[in-house]
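Working notes for the structure below.
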Amino acid sequence: MYATYIQDQLNNFTDNYTFSNGPFTTGSVEGKTVWIEAINFLSNQQSMQALRRVDCLDRGANWFVKDAANNTIIGHIDSKGQAPTDRFKRNCDLSDGGENIAYGIMSARSAILQLIVDDGVPDRGHRLNIYRNFTQVGLACGQFPDYGTITINDFLY
């Protein structure tokens with residue numbers, strides 16, 4: 001399903017590095033090649049179990065949305081100097097997991113597409129987080145200075 005959405009977005013490129021995203025024109029760091037790479041990745045991906053949403057991860061993601069917005073934090077380290085695994089341990093008594101953050105995205109589908117394509121992220125860590133064998137998820141969205149929005153997905157095994 002997401003391969004089709006990515007293909008649709010690929011069709012919106014006006015040149016190798018620029019595409020229209022609704023009313024916005026957006027630049028790509030790596031160009032069309034990363035979008036094609038994502039389609040190829042998805043075509044070889046096995047179906048996965050649905051994630052179970054858990055309150056402790058939701059609470060942690062909500063806290064970090066507010067912390068990041070109030071302190072204009074870009075990235076995964078919070079204002080207390082803690083990494084996602086520290087927040088997972090504090091909120092859920094578990095620390096083996098991952099975190100994805102998307103900025104300035106207008107819809108849930110667009111946020112997931114951005115994270116699957118993972119344009120400009122050499123190790124494709126966000127894409128890999130989505131397709132690891134995590135079993136639990138926590139989600140939060142909010143307003144963010146300059147970018148408009150922030151979306152956080154926290155994952156645990």
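Below is a table of values for the structure above.
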| quantity | calculated |
| --- | --- |
| Local electrostatic count, A140, Cβ distance below 15 Å [Lys/Arg +1, Asp/Glu -1] | -2 |
| Chymotrypsin sites (Phe, Trp or Tyr not before Pro) lying in DSSP loop within the stretch 88-140, provided at most 16 other Cβ fall within 10 Å | Y131 |
| Candidate lysines for bridging to K80, where Cα separation is under 26 Å - those fewer than 8 sequence places away on the same chain excluded | K66, K89 |
| Dipole magnitude of the stretch 1-81, debye to nearest 20 (Cβ charges: Lys/Arg +1, Asp/Glu -1, about Cα centre) | 280 debye |
| Portion, in percent, of the accessible area of the stretch 90-155 that falls on carbon or sulfur, probe 1.4 Å | 52 percent |
| Listed values (i) 108; (ii) 66; (iii) 134, entry calculated as volume of the Cα convex hull per residue in Å³ | (i) |
| Dipole of the chain, positive direction: furthest Cα of F64, Y147, F88, with charges on the beta-carbon | F88 |
| Principal-axis tilt of helix 55-71 within the chain, Cα atoms, nearest 10 degrees | 70 degrees |
| Residue-count net charge about R52 - beta-carbon cut-off 13 Å; Lys, Arg +1, Asp, Glu -1 | -2 |
| Given charges at beta-carbon only (K, R positive; D, E negative), |dipole| of the chain in Debye | 360 debye |
| Accessible area (Å², per residue) of the chain, counting only protein heavy atoms and a probe of 1.4 Å | 55 Å² |
| Folded to 0 to 90 degrees: helix 32-43 orientation relative to the chain principal axis, Cα | 70 degrees |
| Where trypsin sites (Lys or Arg not before Pro) fall in DSSP loop in the stretch 79-157, at most 10 other Cβ within 10 Å | K80 |
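The values are calculated or read from the model by the stated rules, or taken from the named source; none is laboratory data. Computed from a predicted structure; not experimentally measured. All Cβ positions, even for glycine, are placed from backbone atoms using ideal geometry, and neighbour counts span all protein chains on display. Remember, those area values only see protein heavy atoms, side chains included, never the ligands or the DNA or RNA. Shrake-Rupley method; radii C 1.70, N 1.55, O 1.52, S 1.80 Å.
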